[in-house]
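Chemist: First the structure, then my questions, so here it is.
The values are calculated or read from the model by the stated rules, or taken from the named source; none is laboratory data. What you see is a predicted model; the values in this text were computed from it and never measured. Using ideal geometry, Cβ is built from the backbone for each residue, glycine included, and neighbour counts are taken over all protein chains shown. These accessible areas exclude ligands, DNA and RNA; they are computed on the full protein's heavy atoms, side chains included. Shrake-Rupley method; radii C 1.70, N 1.55, O 1.52, S 1.80 Å.
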Amino acid sequence: MTAIPSRPPGRSRRALRALLILAAVVFLVLFLVLPLAAVFAEALRKGAHVYLTSIDQPNAYSAIRLTLLVAAIAVPLNLVFGVAAAWAVARFEFPGKALLGALIDLPFSISPVIAGLIYVLLFGAQGWLGPWLTSHDIKIIFAVPGLILASVFVTLPFVARELIPLMQAQGSEEEEAARVLGASGWQMFFRVTLPKIRWALLYGVLLCNARAMGEFGAVSVVSGMIRGLTTTMPLEIEMRYNEYDYVGAFAVASLLAMLALVTLAAKTALEWRYSEELAAHAPGGH
Amino acid sequence: MLPGFGLSLGYALAYLGLVVLLPLAALAWKASGIGAAGLLHLLAAPRTQAALRLSFGGALLAALVNAAIGLLVAWVLVRYRFPGRRLLDALVDLPFALPTAVAGIALTALYAPNGWLGHGLAMWGIKVAYTRLGIGIAMVFVGFPFVVRTVQPVLAALDRDMEEAAESLGAHREQTFMRVILPMLAPALLTGFALALARAVGEYGSVIFIAGNIPMRSEIAPLLIVQQLEEFDYAGAAALGVVMLCFSFALLIALSLLQRWSRRWAEFAT
């Protein structure tokens, strides 16, 4: 300590610093850690045995299977879309590019309930295409295709948003060199472009998957809540909760909370290791 | 010239058309079916007005709270070094990663009269669960990461020379913060605020469990849409949906203007 007696600002600055750190830590613990802890505490309230038996049930298994199925279809669809959209937006100039970018972001700023609503109004029995679907005996709303469509809608921007700024920053010199050296379009894509964007792609897929598995509002509107057939894990949580089966609701919730923790850990690991291979993240409805 | 322009753009446009534009057209079609007079009539209904006031008012308050707390947390994470900082930094994104239904029942359990926090608050006479205060807390929770994540990179890139110049010219700490730092953070802060606002207005899953959902008192607009759908009032649901969508569009335009402003601001500040 260099003792300069007449320097109170130094001490008051340290006091302010300690106060601000304390305030931030207390807020984060009360607001973020406590709800997370509450999920596991409520799930285990009646012991490990009750916890396990409330997961070891046909309802829970069918909800887990459906959640995995929805994510297994929605995530690859948005992965391919994200790569195609990023290639077009980051590599070429064309009129209406800004509009296309806004359109890609749109699902993030729409209420999940409205995301479900628009599909009901399109495919529902009283919807635009409803009469035609009914006469051809195709069910989309209150069935699995509706759940998938609603999930595709709410997770549409994740991969594209991750890739566009990165690919814009990277530029296209290496791709152009590959072409000059005689690579075909697909060779250039798989050997040059894909290795350059792989970590950002994984990052986008992680967030896309977490949202697809955890989506509630949009799927609840199109689900119809037919247990065992159209209830994903978040919907099973709601049904159990409304039936006063709190331990059961929190038991299923604890599985999704673990998914959230794994996602956060993987995302953070990617940010620490490959920060320069990920774009500057524009925050959005992650 | 790089290959794949036609294929990638064509695929992206076809996909967006099918997944986003076609369903939105169905919404416009259904809402136009009731006409302007019908729309006004629906919006004049006291229950609709109460729900819209609650959703917009609550989201506005929650976004303001998030702007203040988000600024504090971003400041602490960028400017100070302390044990556990990286863990806290990673934790900020929890509300993005945690499914809304999980957040909803967890917050309700926490703030219920017999919950960890609700019990203590009840002794002070404060009721959170099943009140509007609970709705506000859920809205703050889901919008929390936005302000932190927009302010953080700008604060980290901020040129310290200006602060040092201000201080060497005799400015107090408060003056330096208010007159030098805050103006440079303003575009990022506003962007985070707008994102948190947009998220809270449309939020459904984390709010409905803690809200109590009493018509006219604690019923948010997205829940009203769900209830109209359950009563097969498709036109009413579509009308309310269009109103909320118009607000989202307005916010999106405001956000893109903000981004243009902050880019110019960044060029000016560096």
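Chemist: Could you figure out which of (1) in contact (Cβ under 8 Å) with a residue 40 or more places away in the chain; (2) assigned to a helix (DSSP H, G or I) isn't true of A:PHE142?
Modeler: Every condition holds for A:PHE142 apart from (2).
Chemist: Taking region A:124-139 on its own, how many of its residues are part of a helix (DSSP H, G or I) and within 11 Å of chain B (Cβ to nearest Cβ)?
Modeler: 1
Chemist: Filter region A:172-227 down to the residues that are at pLDDT 95 or above and not in a helix (DSSP H, G or I), then identify the one that is farthest from the other protein chains (Cβ to nearest Cβ).
Modeler: Here the answer is A:GLU215.
Chemist: While we're here: Filter region B:76-103 down to the residues that are over 25 Å from A:CYS208 (Cα atoms) and either modelled with pLDDT of 95 or more or β-branched (Val, Ile, Thr) (or both) and list them by number.
Modeler: B:VAL76, B:LEU77, B:VAL78
Chemist: Something else now. Show me the helices (runs of 4 or more DSSP H) found entirely inside region B:4-87 where at least 1 residues are among the charged types (D, E, K, R) and either open to solvent by less than 30 Å² (accessible area, probe 1.4 Å) or out of contact with any Asp or Glu (no Cβ under 6 Å at 6 or more places or on another chain) (or both).
Modeler: In region B:4-87, the matching helices (runs of 4 or more DSSP H) lie at B:22-32, B:46-79.
Chemist: Among the residues of region A:248-272, which ones are within 14 Å of A:ASN59 (Cβ to Cβ) and either modelled with pLDDT under 95 or more than 8 Å from chain B (Cβ to nearest Cβ) (or both)?
Modeler: Hits for region A:248-272 are A:GLY248, A:ALA251, A:VAL252, A:LEU255.
Chemist: Just a yes or no: is a residue in region A:255-278 out of contact with any Leu (no Cβ under 7 Å at 6 or more places or on another chain), charged (D, E, K, R) and outside any helix (DSSP H, G or I)?
Modeler: The answer is no, given that none of the residues of region A:255-278 is out of contact with any Leu (no Cβ under 7 Å at 6 or more places or on another chain), charged (D, E, K, R) and outside any helix (DSSP H, G or I).
Chemist: Could I ask something else about it? Just to be sure I understand the filter: pairs with C-beta atoms under 7 Å, separated by 6 or more residues or on different chains, first member in region B:230-255 and more than 7 Å from every other protein chain (Cβ to nearest Cβ), second member of a type in the set (Ser, Thr, Tyr) and surrounded by fewer than 22 Cβ atoms within 10 Å (Cβ to Cβ). Which pairs pass?
Modeler: Matching pairs, first to second residue: B:LEU240/B:THR48.
Chemist: On the basis of being open to solvent by 40 Å² or more (accessible area, probe 1.4 Å), aliphatic (A, V, I, L, M), more than 7 Å from every other protein chain (Cβ to nearest Cβ) and farther than 30 Å from A:GLU42 by Cβ, does A:LEU69 make the cut?
Modeler: no
Chemist: Can you name the residue in region A:105-119 that is modelled with pLDDT under 95 and in a helix (DSSP H, G or I) and, of all such residues, is farthest from B:LEU223 (Cα to Cα)?
Modeler: Of everything passing the filter in region A:105-119, A:ASP105 is farthest from B:LEU223 (Cα to Cα).
Chemist: Any residue at all in region B:45-62 that's among the charged types (D, E, K, R) and either within 12 Å of chain A (Cβ to nearest Cβ) or in contact (Cβ under 8 Å) with a residue 60 or more places away in the chain (or both)?
Modeler: Yes, some residue in region B:45-62 is among the charged types (D, E, K, R) and either within 12 Å of chain A (Cβ to nearest Cβ) or in contact (Cβ under 8 Å) with a residue 60 or more places away in the chain (or both).
Chemist: So which residues in region A:89-139 are without any contact (Cβ under 8 Å) to a residue 40 or more places away in the chain and touching a Lys or Arg at 6+ places or on another chain (Cβ under 7 Å), if there are any at all?
Modeler: A:LEU121
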